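The values are calculated or read from the model by the stated rules, or taken from the named source; none is laboratory data. Only a predicted model underlies this, so the values are computations on that prediction, with no experimental measurement involved. Cβ placement follows ideal geometry from the backbone for every residue including glycine, while neighbour counts extend to all protein chains displayed.
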Amino acid sequence: MESTSNSYTLHLSRLHCYFIEENEYDDVYLIHDGEKIWPKNRKQQPIMMDTTTELDVDVKNISKNQEVVIELWDWDFLSPNDKLGTFTMIVEGEPGPFSTDMVQNPRETTKAKYTLDWEVI
Ligand SMILES: [Ca+2]
Ligand SMILES: [Ca+2]
């Protein structure tokens with residue numbers, strides 16, 4: 001039998017929004033490895049400033065010291081969607097919880113400020 005002891009699950013628990021790119025809210029979705037991982041049952045989730053959103057997303061089969069990059073995108077109706085930034089996390093084996101700030105994509109935003117809460121399970 002194959003051992004799974006070297007495989008971790010990265011659990012995304014919460015997304016804090018401190019500042020948005022758009023006027024009233026950003027239409028947020030999260031991408032990992034080219035696939036949308038949140039929200040699960042719709043295209044995007046409107047997020048307003050100074051809010052915390054529960055995520056409850058698992059990113060499975062992560063190995064130790066692997067870099068996990070989550071992209072935060074803003075959906076747009078009339079223009080192409082904008083990648084506002086990335087969260088980069090490394091699973092070192094500690095359970096956490098941890099908080100990681102979004103690094104802005106300077107081509108799309110100088111305003112958006114988000115932080116991701118996560119843990120290793
Ligand atoms: Ca938008
Ligand atoms: Ca756009």
Revision key, fill the gap. Pairing a residue in the range 38-49 that is free of Cβ contacts under 8 Å to residues at least 12 places away in the same chain with any residue that is aromatic (Phe, Trp, Tyr), where Cβ atoms lie under 7 Å and the two sit 6 or more apart in sequence or on different chains, gives 39/29
Check your understanding: (1) modelled with pLDDT of 95 or more; (2) away from ligand 1 (no atom under 16 Å from the Cβ); (3) within 16 Å of residue 118 (Cβ to Cβ): which one isn't true of residue 34, the others all being true?
Key -> (3)
Review point. So which residues in the range 15-52 are in contact with a Leu (Cβ under 6 Å, 6 or more places away or on another chain) and of a type in the set (Lys, Arg)?
Key: none
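Just checking, how many residues over the range 9-67 are within 22 Å of residue 109 (Cβ to Cβ) and of a type in the set (Asp, Glu)?
6
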Practice item. Kindly indicate whether any position in the range 58-77 is within 16 Å of ligand 1 (Cβ to nearest atom), surrounded by fewer than 17 Cβ atoms within 10 Å (Cβ to Cβ) and part of a strand (DSSP E or B). Key: no
Check your understanding: Somewhere in the range 88-108, is a residue touching a residue at least 60 places away in the same chain (Cβ under 8 Å) and either of a type in the set (Lys, Arg) or farther than 18 Å from residue 121 by Cα (or both)?
Key -> yes
Practice item. Can you work out which of the residues in the range 8-33 that are over 16 Å from residue 82 (Cβ atoms) and among the hydrophobic types (A, V, I, L, M, F, W, C) is farthest from ligand 2 (Cβ to nearest atom)? Key: 10
Point to revise | Options 87, 77; residue that is within 23 Å of residue 27 (Cβ to Cβ) and within 12 Å of ligand 2 (Cβ to nearest atom) | key: 77
